[in-house]
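Colleague: Got a structure for you, written out below as structure tokens; questions coming shortly.
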Amino acid sequence: MLGEKRIKEITDRILTLSEADQTEVVVLGTDSYLTRFANNIIHQNVSESNVEVRVRAVLGKRVGVASINSLADEALQKVVENAITVARFQPENPEFKSLPEPVPIPPAEGFVERTASYAPEQRARGVKAICDQAAAAGLNAAGAFSTAAREIAVANSLGIFAYHPSTLATLTTVIMGEDSSGYSFAASMNVDEIDPEALGREAVDKALRSRGPVEIEPGEYTVILEEYAVTDMLFILDYLGFSALAVQEGRSFMGGRFGEKIVGDNVTIWDDGRDPRTVVLPFDFEGVPKQRLELITSGVAKGVAYDTFTAGREEGKQSTGHALPAPNTSGPLPINLLMATGEATKEDMLRSTERGIWVTRFHYTNPVHPLKTVFTGMTRDGTFLIEHGEITRPLKNLRFTQSILEALSNVEMIGRESKLWVDDWSGLVGVRAPALKIARFNFTGVTEF
């Protein structure tokens, strides 16, 4: 960790070096640690420290971006020169107005020292708790336990300087049998909130109960989706249409529907980068403070995420604090997504289901039709038949092709607890959601396992 003072020196140096009309600097520093395991043993323990400096240079209506991961002064000079060179060769963008002006950013806590200083021996003890359970049941455990400390800073020539340190711990495991598997995952800024032994029990139990799966005919079924499946589905929905750029380009399901009911009355989804139940980040990658953003409230389409550029394309709009690092083709995006919980337990959902399918999680999900929010994928790591309010037998995995908005229009019960999923690429995008009972969900194929 470089610390706020050192990073401020770096950003000040770059702003001094730049001769562009406007300049923005984003510094991303990460100390990450990872313990991987397979076949009930640890096979890899690694650590990495890295810092990335991204410079955005503005020359009139031309914008260029360059990045580097060296802090040597000659490297900083070079990255500034590269960004300006890129800008010179860009076509003018008549819709570009300006980088943002500084706005006060209320502080938010996202750094837990316990996570930052967590030792490899401690991760190994957590992994051992999982592997011992798997071995005792005649199963094989694989997965990863990671901890990270990161710092993000944004500065620009108009006076912005924002700095935020944070931590994140994640633990994921897949427990395999000859014809069965189980899964569990947890993420938190505080590593002490992750219970490896409980995660091991969850995954082992699924692997044992899913032995000897049978086939079932594809078709439309009532489903109980565990939190793992729901967070995956909401991430796809986020990507498909919660960006102002997607609306402006006519490829969002939200376009032209603000104020209309698009899902069930019992569904509320919002984004809040300051909510401690997610991965806290109080400002975006332009240094604009994040605010709670209502996306869908009681089934009604309310809003989408804006950055400075997309807000400048519409009269009276302002950035909602959802810019991603430039350049990107996605535009602004909510990265702290939450869905409101309900009053049901998963046991309540099960007892109320005459016939249906229990889904632990999805795998290999991909969008099919953005405007109709159709996505496809497969079930994985615990799929079960429900009959007369009980799980009666494990099922071979199924392929589904389903409109997300249609699924959210048929939600019968919502779990009273929620879980956090965090993407394993950036560690910045988080979705927290409860389990759902959905009246109709379309399965289109079966697998051999």
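Colleague: Measure off 7 Å from each Cα along the Cα-to-Cβ vector at E92 and N50, then give the distance between these two points in nanometres to one decimal.
Modeller: 3.8 nm
Colleague: Cα atoms only: what Rg and Dmax, in Å, come out for the stretch 309-371?
Modeller: 19.3, 52
Colleague: So, one more: Tell me, how many Å apart are the Cα centres for the stretch 307-332 and for the stretch 417-449?
Modeller: About 27 Å separates the Cα centre of the stretch 307-332 from the one of the stretch 417-449.
Colleague: Largest first and in whole Å, what are the equivalent-ellipsoid semi-axes of the stretch 390-443 based on the Cα gyration tensor, each being the root of 5 times an eigenvalue?
Modeller: Gyration-tensor ellipsoid for the stretch 390-443: 23, 16, 15 Å.
Colleague: Considering amide H positions built from the backbone, and no H for Pro or chain starts, which residues 5 or more places from K419, or on another chain, come under 5 Å of its amide H?
Modeller: A433
Colleague: So, one more: Across the stretch 362-372, in residue order, what do the Karplus-derived ³J(HN,Hα) couplings come to in whole Hz, using 6.51 cos²θ - 1.76 cosθ + 1.60 with θ = phi - 60° and x for Gly and Pro?
Modeller: 9, 9, 6, 7, 8, x, 10, 9, x, 5, 8
Colleague: When the Kirkwood hydrodynamic radius is evaluated over all pairs of different C-alpha atoms of the stretch 303-437, what value in angstrom, to one decimal, is obtained?
Modeller: Final number for the Kirkwood radius of the stretch 303-437 is 17.5 Å.
Colleague: Starting from a Cα-only point model with no solvent, please compute log10 I(q)/I(0) by Debye for the stretch 1-81 at q = 0.11 1/Å.
Modeller: -0.40
Colleague: Same structure, new question: On full extension of the chain, what length is gained from R399 through E197, given 0.36 nm per residue of separation minus the C-alpha to C-alpha distance?
Modeller: The span from R399 to E197 would gain 69.6 nm if fully extended.
Colleague: Right, next: Can you tell me which lysines have their Cα less than 17 Å from the Cα of K396? Leave out same-chain residues fewer than eight positions away.
Modeller: Cα-Cα hits under 17 Å: K206.
Colleague: Quick one: if you stick a label point 7 Å off each Cα along the C-beta vector at D21 and Y364, how many nm between them?
Modeller: 4.9 nm
Colleague: Quick check on the chain: of the DSSP beta bridges with both residues there, what percent are antiparallel, nearest 5%?
Modeller: Taking every DSSP beta bridge with both residues in the chain, the antiparallel ones total about 90 percent.
Colleague: Follow-up question, since we're still on this one. Taking 35 Å as R0, compute the FRET efficiency from the Cβ-Cβ separation of T444 and T297 and round it to 0.05.
Modeller: Computed FRET efficiency for T444 and T297 comes out at 0.65.
Colleague: Here is a follow-up. Work out the charge dipole of the stretch 253-320 with +1 on the Cβ of Lys and Arg and -1 on the Cβ of Asp and Glu about the Cα centre, then indicate which of G312, N266, I296 is farthest towards its positive end.
Modeller: Ranked along the dipole, the leading option is N266.
Colleague: Which whole-number value in Å³ per residue fits the convex hull of the alpha carbons of the stretch 54-93?
Modeller: Cα convex hull per residue, to the nearest whole number: 44 Å³.
Colleague: For the chain, what relative contact order do you get, as a whole percent, if you take Cα pairs closer than 8 Å and at least 6 residues apart?
Modeller: Value for the chain: 15 percent.
Colleague: Take the Cα atoms of the stretch 86-138, build their convex hull, and give its volume per residue in Å³.
Modeller: Dividing the Cα hull volume of the stretch 86-138 by its residue count gives 293 Å³.
Colleague: Describe numerically, in nm with one decimal, the distance between label points set 7 Å from Cα along Cα→Cβ at Q318 and at R351.
Modeller: With each label point 7 Å from Cα toward Cβ, the separation is 4.9 nm.
Colleague: Please compute P(r) over all alpha-carbon pairs of the stretch 210-359, binned at 10 Å starting from zero, and give each bin as a whole-number percent.
Modeller: 10, 34, 30, 16, 9, 1
Colleague: Using the per-residue mean of other Cβ atoms lying within 10 Å as a proxy for protection, in what order, highest first, do the peptides 37-46, 314-323, 398-407 fall?
Modeller: In decreasing order of mean packing, 37-46, 314-323, 398-407 become 398-407, 314-323, 37-46.
Colleague: How large is ³J(HN,Hα), in whole Hz, for each residue of the stretch 401-412 in order, when computed from phi with the Karplus curve 6.51 cos²θ - 1.76 cosθ + 1.60 and θ = phi - 60°, using x for Gly and Pro?
Modeller: Once rounded to whole Hz, the list reads 9, 8, 6, 5, 4, 5, 4, 6, 7, 10, 7, 9.
Colleague: Between S117 and L371, 0.36 nm times their residue separation minus their Cα-Cα distance comes to what?
Modeller: Once the chain is fully extended between S117 and L371, it gains 86.9 nm.
Colleague: Another question about this same structure. At a probe radius of 1.4 Å, what is the per-residue accessible area of S330, in Å² to the nearest 10?
Modeller: Only protein atoms counted, so the area is about 40 Å².
Colleague: Let me ask something additional. Under a point-charge model restricted to the Cβ atoms of Lys and Arg (+1) and Asp and Glu (-1), what is the dipole moment magnitude of the stretch 304-449 relative to its Cα centre, in debye to the nearest 20?
Modeller: That gives the stretch 304-449 a dipole magnitude of about 220 debye.
Colleague: For the stretch 270-301 and the stretch 1-68, what is the separation of their C-alpha centers, rounded to whole Å?
Modeller: Value for the Cα centre distance between the two parts: 23 Å.
Colleague: Can you tell me the alpha carbon radius of gyration of the stretch 239-311 divided by the globular rule-of-thumb value 2.2 N^0.38 Å?
Modeller: The stretch 239-311 yields a ratio of 1.14.
Colleague: Given K5/K97; K5/K78; K8/K290; K61/K372; K128/K419; K290/K437, which pairs have Cα atoms separated by over 25 Å?
Modeller: Checking Cα-Cα distances, K5/K97; K61/K372; K290/K437 exceed 25 Å.
Colleague: Give me Rg over Rh for the chain, both radii from the alpha carbons and Rh done the Kirkwood way, two decimal places.
Modeller: Computed over Cα atoms, the ratio is 1.00.
Colleague: Which length gain, in nm to one decimal place, applies between I42 and R211 when the Cα-Cα distance is subtracted from 0.36 nm times their residue separation?
Modeller: Taking 0.36 nm per residue and subtracting the Cα distance, the gain is 58.3 nm.
Colleague: When only C-alpha pairs under 8 Å and at least 6 residues apart count, what is the relative contact order of the stretch 321-449, in percent?
Modeller: 27 percent
The values are calculated or read from the model by the stated rules, or taken from the named source; none is laboratory data. Every value quoted in this text rests on a predicted model; they were computed, and no experiment measured them. Neighbour counts are summed over all protein chains in view; Cβ atoms, including those assigned to glycine, are modelled from backbone coordinates with ideal geometry. In case anyone asks, the SASA skips ligands and DNA or RNA and just uses the protein heavy atoms, side chains included. Shrake-Rupley method; radii C 1.70, N 1.55, O 1.52, S 1.80 Å.
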